[in-house]
Amino acid sequence: MPRMALALGVGAALGVAGLLTQAALRNPVAEPGLIGVNAGAGFAVVLALSVWQVGNLGLLTLCAAFGALTATALLFGIAGGGRSSAGPLRLLLSGVTVAALLSAGTQVAIILDEKAMEDLLFWLSGGFADRPIAALDPALPVMIGAAGIAWFHASVLDVLAADDETAQALGLPVVTARIAILGLAALLAGTAVAVAGPVAFIGLGAPHLARAMRVTGHARLLPLAALWGAALALTADILARYLIWPGEAPLSAVTALAGVPLLLALLHRRAPA
């Protein structure tokens, strides 16, 4: 039951974070793991554990959220800020750059604390096995709060789905709205990373499964993305236990088996003729 609770909470947070990221950047291939947000949260947590010896779960959650927000700000600047010219390829290349930089920092931080290397590598593989259920205590209020704020401002997401000129004509401050939405997505992804480590592709798949149900409006899409994210995380966790029985596969490897083909299909569909 604790493992199931972790999977449901983390999956729901990543599903909503993925939908917010795609809405803010108006890009169906955007996802916290692909654009470096998870790497930022992971780097901050590893740095806190290996360098500053932080053991408090609440402080680790704050560190992860700060790392995710910092990575988002860096990506936002590299990818073109509020301009609509930041297409899928440019966004992914910017995300790869940010993720590579932060991953390199993570490796350095791990080397600085060789005694904790095994534990840190286990955490970086992502998963819900042997994770303390108490990690949800500081993370869950942040997840619920960020998701609630996003749902309350769902109409902003609907307006932002149009082009920037139309959104501005309707009175929406596009750049400010985009930054705020990405900030909420970073908080959700960062707290999820603090609980379960970096888990990729759930934030990519859940929003597309929600849209496949033919609903309109982000007020309805947000709860569906949360449900699909929770279902994907729980399914991936179950598969991870049996794919290499009697061992257990890393959760990120299981999610990548479905996520990579989905990403390639989306890129192929959007490729210019």
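The values are calculated or read from the model by the stated rules, or taken from the named source; none is laboratory data. Keep in mind that this is a model prediction, so the values were computed, not measured. Heads up, the Cβs are rebuilt from the backbone with ideal geometry, glycines too, and the neighbour counts pull from every protein chain shown. Quick note on the areas: whole protein, heavy atoms, side chains included, nothing else; ligands and nucleic acids left out. Shrake-Rupley method; radii C 1.70, N 1.55, O 1.52, S 1.80 Å.
Taken together, the residues in segment 209-225 that are assigned to a helix (DSSP H, G or I) and either among the β-branched types (Val, Ile, Thr) or within 21 Å of Val159 (Cα to Cα) (or both) amount to 10. Could you list, in sequence order, all residues of segment 58-74 that are crowded, with 19+ Cβ neighbours inside 10 Å, among the small types (Gly, Ala, Ser) and closer than 18 Å to Val10 by Cα? Scanning segment 58-74 gives Ala64, Ala65, Gly67, Ala68. When you look at Gly77, is it modelled with pLDDT under 85, of a type outside the set (S, T, N, Q), in a helix (DSSP H, G or I) and surrounded by fewer than 19 Cβ atoms within 10 Å (Cβ to Cβ), yes or no? Yes. Taking the condition of a type outside the set (S, T, N, Q) and under 23 Å from Gly58 (Cα atoms), does Ala150 pass? For Ala150, the condition - of a type outside the set (S, T, N, Q) and under 23 Å from Gly58 (Cα atoms) - is met. Could you grab me the full set of residues in segment 11-37 that are open to solvent by 10 Å² or more (accessible area, probe 1.4 Å) and not aliphatic (A, V, I, L, M)? Selection gives Arg26, Pro28, Gly33. Filtering segment 104-127 to residues that are more than 16 Å from Leu60 (Cβ to Cβ) and under 16 Å from the mean Cα position of the chain (by Cα) leaves Ser125, Gly127. Just one of the listed residues (Pro198, Pro223) is within 14 Å of the chain's Cα centre (by Cα), closer than 25 Å to Leu25 by Cβ and not polar (S, T, N, Q), namely Pro198.
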